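Note sheet for the following structure.
Each reported figure results from applying straightforward, stated rules to the coordinates on display, with no laboratory input. Model, not experiment: these values are computed from the prediction. Here the Cβ is made from the backbone with ideal geometry for all residues, glycine too, and neighbour counts use every protein chain on show.
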Amino acid sequence: MTLRSALRGWLYVTPLLLVLVPFFVAPILVVLAASFMETDGFGGIIPTFTLANYAGVFTAPLTFNLYLETIKFTLFTWAFSAFIGFWIAYFLVFHVRNQLIAIGLFLVCTVPFWTSNIIRMISWIPLLGKEGLVNSTLIGIGVIDQPLEFLLFSSFAVIVAYVHQLTIFMVVPIFNAMARIDKRLIEAARDNGASRFDVVRLLVLPLSKSGIALGSIFVLSIVMGDFFVVKVMSGGGSASVVGAFYEDIAVLQYPPAAASAIVLTTALMLLVALILRTVDIRKEIAR
Amino acid sequence: MTAQPLAVPLRRGGGIARPARRPWTFYVLATAFALYVLGLYGPMVCIYILSFQDIRGGLVFPMKGLSLHWFVDLFTQARTGDVKGSFDRSIRLAVVVTVITVVVSFMAGLAFRRRFPGDTAVFYLMIGSLVAPGLVLGIGVGLGFTFLGLEASWYTSALGAQLSWTLPFGVLVMFAVMSRFNTAWDEAARDLGATPWQTIRLVMIPILAPGLVAVALFGFTLSYDEFARSLQTAGPLNTLPLEIWSMTLNVTSPSLYALGTVTTVLSFLIIGASLGAIVLLQRRRARRRPAG
Amino acid sequence: MTRKRGDIELAGVGMSYDGVTMAVEGINLKIPDGAYCCFLGPSGCGKTTILRMVAGHEHPTQGEILIGGENVVGLPPVERRTAMMFQSYALFPHLSVRDNIAFALRVRGMPKAERLARADAMMEKVRLTELADRLPAQLSGGQQQRVALARAAITEPRVLLLDEPLSALDEQLRVQMRQELRRMQRELGITFIHVTHTQLEAIALADLVVVMEKGRIRQAGPAREVYAAPRDRGVAEFLGGQNVLSGRVLTVNGTKAVFGGQEVRGIEIPLRPGLRLSAGDAIDVAVRRDDVELMRPEDGPPGPGVASVASRVLAVEYQGYFVKVMLDLGGQDGFTAYVPERRYFSNPFNVGDVVLATWDVDRAHLLA
């Protein structure tokens, strides 16, 4: 019977593979192949094997700076979204008593994501811009004289935009993990004299680790793979690895761009694999 | 030690039991939550308001008056871009993506209920597809198509690229949904004589219906909003996010805000309808009252 | 109308999940048609595995299973004419009671009017007609069980398999539902196989009790036989109601032997005809708890033909119509006497009192 169930399993998973293979495996292989080729400087690709592109990626000082920028943004975004996401989820799970209200509030948090990503980005302009609402208000009530320049088109703006967009990716899995914590454990801890903060530190945090890990995977992959948020929100002042990739493609420098992309993707995959080691995702999702 | 009568005076209130008071942390967290929601909605609300900007107004506050000018502008002016066309395409693409996502995720969910050789590999392949930078995959697909001499278009290459993004999400949600499905149900169905297809049709799908709607919702939203992977794979005709993108680079009037308002309203309607469907399904289940 | 026979034979049945450890092994059993058979044993003893193998939800790695004389191994459940009632009932939550019951007929393609009529008839039998339109979530435990039973019985199976059907119910309901099950079985006239870990349930219901432990059958027989004459220590202990003493034969005199163990000395036990024992053999002796009478030491040694042992009272537990007196004897398993309530209270004991536990020598029973 196991042969039959194995065949059934494969039959049912074939449609998924029919998409994943040509639209994930193949493109990666294509980019990988391109990274080993030469560019003829005019947008064509000469099919030879060379490691020059990779050498270029690893030696150029630009690469180092790009990665630094990307990592900087990633870390800040991850830290803020994790912190905010954790407390939002905590509030929803442990402080809101009525389950219906909790779900309602949860939905309220997801509603903004029903608008286009890009629209949400440009929506920062009337808010944070020099003539924007924040600045006008602050000047109006006399806190400052000059509009705050750093609010928009800066690293600050980039991180604000990322956190705004990605905190929900943290809230959802952490909410899921926290909702699964047996409330009686908390009761037992409180009975034993633990303060509420102790309970969070010693009980809730460790038990939501898998949710945090899952959320982190989303946040990391989106930030490290981003190319347009950073460009728009920094006003061109900052760049990201994938952003540079995009620029290179635009000037048809396919092979060097490909090499850079492969390096980033590999780094990202390794990072994700590392996180997956700390938590059994399959058990996490399937209770 | 002899027992002493209680010398401590009774607390005010006479010791009557009262409902548990909320700790101070509740108020702190509630405020934080309110601020978070404010922050979430803030920027967009600005846009919604500004889309009603007067014809003399610019991209920022203050509002010089109220008018529907920019909405009209959006739909009539050619220079504001091919909104209608790209919107049309985006909706069609999203519907196709949704249907395929639901069916394929459901099947994959069924497959993963039992272990089969290579299941871990497929699982990690899925995670990889989720995590890989969209642009890289987009470029790869674009290059691949060029190499094969095929033309990239929104209903072929973009469809596939979007599916590589929505399917992992769909399958992950399916995992969570199916784990709540008691295997005793399908054993019972089998015991009573149902074929595997009958079990799926008569037992699994009705019970999992809300989950399937959730996957559909996910699929639709992710496709409708998808940008990075579509950028390189949509071909000559844009989807809505791509159109918006090119508009942000070219257009400098509040008609962009009007576009934002319109697309939001549309998303709300569609998603609201799906959620309504889930709620309706749940209600109908619980509605049956005892006879007599 | 001839109905296929529902007698069951398990021949050399064994099963292993991983190819290394056997979940059940060496199962040989014959269950007559129309019998109520209870499989009894602690968790993990394999009883549910055997049930599922008869149903067709598991496959034996060895042996044959014959229902009505035909080997059903390899046949899917529907072709075996068996039906199973699951421990959790597994009622379809999205279907009403009527639709749940009619489900088996629906998947066989029976037209709607006919299958609903049949379902209504079945609901009459289990007295569920007023609940026809309710959903499972709106039913009580006992009602859900009746629906599960009706759903399984509508296919007119020749064997009905019940997996711990009463475990989810509370005490009072459990006793009530026992009678329901018995009644249904008599009415339907088919073989029932009922798996349980509750001894009292098994002996109350079954024509045939099969006691299992660690994947093997320890004893199979009518309830009285298994309860009053357990074959070995394991069965005796599981069925309860017996005290087991271990020791060695000291002397043998014709029809009786004298036996002594760690806590007891010089107890006379009867020998079964045909059983050969010699001094030094290790044996286990069982004495029913309700056969033990307690006397105060000063009331003199008991008469001939009565074995007695002195010991201290450890605990006393009132159980309604009898009182459990636990004595400081018999090593780790303890030695308990069930004293009828009135007799006890006319002469109650205190914890720490020394008493004589006495029983008719002929009432003791040798275990394998």
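Couple of notes before you dig in:
- Tensor-based shape of the range A:8-111 (alpha-carbon gyration tensor, a/c under 1.5 rounded, otherwise prolate or oblate): oblate
- Point-to-point label distance, C:Thr255-A:Leu138, nm (Cα→Cβ direction, 7 Å offset): 10.9 nm
- Placing R0 at 60 angstrom, the Cβ-Cβ distance between A:Arg4 and A:Leu205 gives a FRET efficiency of 0.85 after rounding to 0.05.
- Net charge of Cβ neighbours under 14 Å - reference A:Leu203; Lys, Arg +1; Asp, Glu -1: +3
- Selection from A:Ser238, B:Thr248, A:Ile101, by position along the positive dipole direction of the protein assembly as shown (Cβ): A:Ile101
- The range C:279-318 - convex hull of alpha carbons, volume per residue in Å³: 143 Å³
- For the protein assembly as shown, the dipole from Cβ point charges (+1 on Lys and Arg, -1 on Asp and Glu) about the Cα centre works out to 2020 debye, to the nearest 20.
- Calculation over all alpha carbon pairs of the range C:32-78 in 5 angstrom steps from 0 returns a P(r) of 5, 19, 25, 26, 19, 6, 0 percent.
- Average partner coverage of B:120-130, which counts Cβ from other chains inside 10 Å: 5
- Helix-only CD estimate at 222 nm, as mean residue ellipticity for the protein assembly as shown, using -39500 (n - 2.57) per DSSP H run (n ≥ 4): -16000 deg cm²/dmol
- Translational diffusion of the range C:145-278, estimated by Stokes-Einstein from the Kirkwood radius over alpha carbon pairs at 20 °C in a medium of 1.002 mPa s, is 121 µm² per second.
- Structural size metrics of the protein assembly as shown, computed from C-alpha coordinates, are Rg and Dmax of 37.5, 123 Å.
- What you get for the range C:241-367, charging only the Cβ of Lys and Arg (+1) and of Asp and Glu (-1), is a dipole of about 240 debye around the Cα centre.
- Tensor-based shape of the range B:25-67 (alpha-carbon gyration tensor, a/c under 1.5 rounded, otherwise prolate or oblate): prolate
- Whole-Å distance, taken between Cα centres, linking the range C:160-192 and the range B:196-222: 36 Å
- Ranked packing of B:218-228, C:13-23, most packed first, by mean Cβ within 10 Å: B:218-228, C:13-23
- The range A:62-163: C-alpha gyration tensor shape, a/c 1.5 cut-off, then a/b vs b/c: oblate
- Between the C-alpha center of the range B:159-189 and that of the range C:272-304 there is a gap of 65 Å.
- Here the calculated FRET efficiency for B:Leu249 and B:Lys64, from their Cβ-Cβ distance with R0 = 30 Å, stands at 0.75, rounded to the nearest 0.05.
- Approximate spin-label separation C:Lys112-A:Leu75, in nm, with each point projected 7 Å along Cα-to-Cβ: 6.7 nm
- With only the Cα atoms considered, the range A:63-285 has a convex hull volume of 166 Å³ per residue.
- Peptide B:201-213 has a mean shielding of 2, counted as Cβ atoms of other protein chains within 10 Å of each residue's Cβ.
- Distance from the range C:223-249 to the range A:76-148 (C-alpha centre basis), Å: 73 Å
- Across all C-alpha atoms in the range C:246-368, the radius of gyration and Dmax reach 14.8, 43 Å.
- Each Lys or Arg adds one and each Asp or Glu takes one away; over the other residues whose Cβ falls under 11 Å from the Cβ of C:Val355, this sums to -3.
- Three semi-axes describe the equivalent ellipsoid of chain C; taken as square roots of 5 times the Cα gyration tensor eigenvalues and ordered largest first, they are 47, 25, 15 Å.
- Whole-percent pair-distance distribution, where bins are 5 Å wide, for the alpha carbons of the range C:1-140: 2, 9, 14, 17, 16, 14, 13, 9, 5, 1, 0
- Contour minus Cα-Cα distance for A:Ala273 and A:Phe83 (0.36 nm per residue): 66.2 nm
- Each residue, C:Ser16 and C:Gln262, gets one label point 7 Å from its Cα in the Cβ direction; the gap between the two is 3.6 nm.
- Under-5 Å amide H pairs with B:Ser153, H placed in peptide plane, nonlocal only: B:Ala158
- When all alpha carbon pairs of chain B are counted in 10 Å bins from zero, the resulting P(r) reads 5, 18, 23, 21, 15, 8, 5, 3, 1, 0 %.
- Calculated FRET value between A:Asp182 and C:Glu237, using beta carbons and R₀ = 41 Å, to 0.05: 0.70
- Remark: for residue pairs A:Lys130/A:Lys231; A:Lys130/B:Lys64; A:Lys72/A:Lys231; A:Lys231/B:Lys84; C:Lys47/C:Lys214, the C-alpha separation exceeds 20 Å in A:Lys231/B:Lys84.
- Computed over the range C:110-195, the P(r) tail beyond 21 angstrom holds 30 percent of alpha carbon pairs.
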